[in-house]
Amino acid sequence: MSSQSNIPPPVPRLDAARIVEELNRQHGISLELLGAAPGGEVGAAFVRWPDGHEGVLTRAADAPAGAGEHLRSTTAMLALVKTRGIPVPRYELVVQVDDLYAVVQERLPGAPPDVVDGPLVGLAACSARFARSAGPGRVCWPATIWCTSTITRATSWSTRKAS
């Protein structure tokens, strides 16, 4: 068996207009599509909720068995670490739409970093190392969150703008 057999298929590009339309139709949600978010591998889009606050629409890979449970677990972990002061987005909506899971997360203030510097590279390497330590198909969240927290506190680098 080759190492390539463990690599999941790529996630298709986000079709935000279709997903927003289906969310609104299938689930009675009234999201407004604001437009595509810049950058990213498969895309994200900015949306507006009926109360006026904005979110970020993404999609999980096609809905394999266990995807819903994994996303609920991620939602709970993000909520926990947010209470500890880690600047992570809250998942405001996780719902299946046809053959995929749509995720609308809180839109945090700030901007992506302009420069790929040492702390950012260290964060990515640390996260990847812990993800690999959990074994194939699993993510070691507590260690990844600890790594994120440690690097963020140990440096002045941040993607968030001061309020």
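The values are calculated or read from the model by the stated rules, or taken from the named source; none is laboratory data. All values reported here derive from a predicted model rather than from experimental measurement. Using ideal geometry, Cβ is built from the backbone for each residue, glycine included, and neighbour counts are taken over all protein chains shown. Heads up: the accessible areas ignore ligands, DNA and RNA and are worked out on the full protein's heavy atoms, side chains in. Shrake-Rupley method; radii C 1.70, N 1.55, O 1.52, S 1.80 Å.
In a DSSP loop and with at most 15 other Cβ atoms within 10 Å, the GluC sites (Glu not before Pro) in segment 16-125 are E41. Here the accessible area is traced with a 1.4 Å probe on the protein chains. For segment 16-100, carbon and sulfur cover 53 percent of it. Computed extension length for R90-V116: 6.9 nm, one decimal, from 0.36 nm per residue of separation with the Cα-Cα distance subtracted.
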